[in-house]
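The values are calculated or read from the model by the stated rules, or taken from the named source; none is laboratory data. Because the structure is predicted, anything quoted here is derived from the model rather than measured. Note that each Cβ is placed from the backbone with ideal geometry, even for glycine, and that neighbours are counted across all protein chains shown.
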C-alpha cells in the first residue's frame, strides 16, 4: 500500500467533491424606527439534528453539567501539529496525555484512571459523536482517532460523563466530527517535520438537498526520534447525514484505519542519558536464536456506525445509535499476538425538557449494550515472525448498562442533578487448544469467566452566580471492570480480578470575567480495588492486580487570560493559555505500603502558551511544557523520573478560507527526558530496570493548509 499515492491522486479531484454549495442563512435587516435602537442576537443553531453547533454545545454543557466538563474548538489545536491525542488534548483541563516515544500510543489519564497504562487506553470512555470507540472490554486504540476530522471535542471528567452512560473514574472524551454543513467544500493539509515526518489530509464537506456529506483521507509517516520507532498510518473517514423529515435525521459513519508502529521499548536511566535515541536491544535486535526482537504493533480497523435522531423541535429527542467494528491485530512482542476481533453495540437514549413541580426540568434516560468476540492466537516471537504456536483462546466481553440523569431547577440560580448507572459486565476466556510441547508447556485448560454488577449513583448542585459564572458540587460512584488485556496475561488463563470502584467528591467553578476565563475543579476519590500494574511474583513485574484502598485527589485548572490588547493595531491581543494539574494519588492505610504515593505519575504538570494574535489571522509566541518534580517509576521507590521543562515556539497564519500556514518548534533546548515510564514493582531487580521511555529531542514542524 502506498497511502500518499492514493492521497495525492484524490487531491487532484478534491474540488469536484464540492458540486453543491453550502446553504447560507438569508440576511436580515432590523427596521429603522424612531424608538431607541434594539439589537436582537439570534441564538446559534445547527442545521443537523444529530450534531449541535459548537456554540450551542458550549452553552448546553455550561448550563447543565454540575462538574468538570468543557468543549474545545478543534481550530485551537489545528494552529500547530495536530497528529496525536497529545497534540489535540494538551490544553484540555484535567487530561494528562504523555506519548510513549513521540507516538500515537500514549499514557492518557483523567483523575488517575488508567494512570499506569502506557499502551491501549482504559478507564476513559473514548467516543466519536456520542458513540464509543472502546472495544467491549473497555479498552481503546489511540490510532482509531483522527484529530483533523473533528469540529470540536467534549471532555467530561469523572461522573459528569453519566449522560453518555459512562461510569468510569476518568469520564469520557467525545470527538464531534465535521459534517457537510461545518466543513469547507474542499481542504488540503500537508505537514512535514523532523525525523523524516510527513503527513497529509484531504477532506470535503458539501450539502445536496436533504443530504450532507463529509469525507476525509489522511496518511502519515515518521521515522521517529528513536531507532526502531517508525510509524505509518492511513485513515479514511466518512460521515453522511440525511434529513428524512424536518424531525428525523439519520447519520451514517464509516472509518478505516491501517496503522503500523515499530516499538523501540524501554531503557534504563543510564541508557537514556547516554543515548536517548537508541532502541532497547530486546525490542529491536535479535538477542539469541529465537529471541523476541523486532517488536511491532500493526493493526487494521474497519468500523461502521449509525445514529438515528428524532426531535419534535420542542421538548423531546430520541436517539438510537448502533455500531460494528472489525479489528485485525498483529503484535510481535514477548510473543506474537494475533487477534481478530468483532464488536457490536447499541445505545438507545431519550431526552426530555419540561417541568416538574412547577420547575424547569431536564431528563435523560438510556440503555446500552456492547458485545465483543476475539480469536486470540499466540506464537513464539522468532525475531518478529511467528514461530511455534503456544496458545489459542476465544475471548468474549459483554457490557450492559442502564442510566438516567435528571436536572431540576430549584430556583432561578440553583439546580439539582441526580442520576445513576446500573451496569453488568462479563469477561470470558475459552482455551480452544492445549500445546504441551510449548515452552513453557501448556497442559491445563484455563477456560474461565468473570462477571460483576455495578451501581453508580450521582448527586450534584449547580449554582449560577451570574450568566457567565458557576459554582458546582457533586458526589458520585464509579465502576470499572478489567479489560481483557489486564485479565488475560499470557499462559495464566483469566486472572480473578474484580472491578475497580470509587466514591468521588468534586467542587469547582467555571466562568468568564472580561479578559479572563477559567475552569477549576478539586476532587477527592476513595478508590477500592484499584487496577494497578503492581506485579506478581509468579507472573511478571507489570501484571495488573487489585490493589487495596487508595486515594486520588487533585486539582484541574485551566486559566486563559487576554493580557494586552490594541498593541500594534486595533483588536490585536496577547493571549496566555494555561493548563495546570496537581495530582496526589496514594495508598490508603495499606498493610504493606501505608500511605505511600503510587508510582508512575508527575505530581504537578503545567502546559502554557503565550501567543500574540493579530486580527488578520497571524499568531506567534513561545510554548512551555513543565513537569517540575521527580516521581517514582517503581512501587519500591528506588528509581525516579526527573523533572523537565520543554520550551517551544509556534508561529502561523490561519484563515477560515484560503491559505493557512504554521511553523512549530519543540524542545528547543534538546532536553533529555522521560514523559512517561513503565511502572514495575522494583526497578533494581535484574530484568526490571529498563522503565524509561525517552521523549522526542529538538524538533521542527511546518504545515500548509488550503480551504476553498
Unmet requirement for residue 268, which otherwise passes all of (1) closer than 26 Å to residue 184 by Cα; (2) surrounded by fewer than 22 Cβ atoms within 10 Å (Cβ to Cβ) | (1)
Within the range 587-601, can you find the residues that are at negative phi and surrounded by fewer than 11 Cβ atoms within 10 Å (Cβ to Cβ)?
-> 591, 592
Looking only at the range 84-105, decide whether some residue is at pLDDT 95 or above, on the phi > 0 side of the Ramachandran plot and in contact with a strand residue (DSSP E or B) (Cβ under 9 Å, 6 or more places away or on another chain).
-> yes
In this structure, is residue 429 under 18 Å from residue 395 (Cα atoms), at pLDDT 95 or above and either assigned to a loop (DSSP other than H, G, I, E, B) or more than 24 Å from the chain's Cα centre (by Cα) (or both)?
-> yes
Mind checking whether some residue in the range 153-170 is assigned to a strand (DSSP E or B) and under 30 Å from residue 265 (Cα atoms)?
-> no
Residue in the range 257-265 that is buried (at least 18 other Cβ atoms within 10 Å of the Cβ), without any contact (Cβ under 8 Å) to a residue 24 or more places away in the chain and either over 25 Å from the mean Cα position of the chain (by Cα) or farther than 30 Å from residue 583 by Cα (or both) present | no
Tell me which residues, restricted to the range 534-561, are in a strand (DSSP E or B), surrounded by 16 or more Cβ atoms within 10 Å (Cβ to Cβ) and either touching a strand residue (DSSP E or B) at 6+ places or on another chain (Cβ under 6 Å) or at pLDDT 95 or above (or both).
-> 550, 551, 552, 553, 554, 555, 556, 557, 558, 559, 560
Single residue of 493, 508 found to be touching a residue at least 60 places away in the same chain (Cβ under 8 Å), over 21 Å from residue 400 (Cα atoms) and assigned to a loop (DSSP other than H, G, I, E, B) | 493
Determine whether residue 624 is crowded, with 17+ Cβ neighbours inside 10 Å and either in contact (Cβ under 8 Å) with a residue 24 or more places away in the chain or out of contact with any helix residue (DSSP H, G or I) (no Cβ under 8 Å at 6 or more places or on another chain) (or both).
-> no
Filter the range 284-303 for residues that are modelled with pLDDT under 90 and either under 27 Å from the mean Cα position of the chain (by Cα) or closer than 23 Å to residue 695 by Cβ (or both) and give the result.
-> 284, 285
Tell me which residues, restricted to the range 321-339, are exposed (fewer than 15 other Cβ atoms within 10 Å of the Cβ) and at pLDDT 95 or above.
-> 324, 326, 328
Would the range 353-363 turn up any residue that is over 30 Å from residue 414 (Cα atoms) and modelled with pLDDT of 95 or more?
-> no
Reported set for the range 473-485 where residues are in contact (Cβ under 8 Å) with a residue 40 or more places away in the chain, touching a helix residue (DSSP H, G or I) at 6+ places or on another chain (Cβ under 9 Å) and either more than 13 Å from residue 497 (Cα to Cα) or part of a helix (DSSP H, G or I) (or both) is 474, 476, 477, 478
Among the listed residues 292, 305, 279, which satisfies the condition of being surrounded by 19 or more Cβ atoms within 10 Å (Cβ to Cβ), in contact (Cβ under 8 Å) with a residue 40 or more places away in the chain, touching a strand residue (DSSP E or B) at 6+ places or on another chain (Cβ under 7 Å) and not in a strand (DSSP E or B)?
-> 292
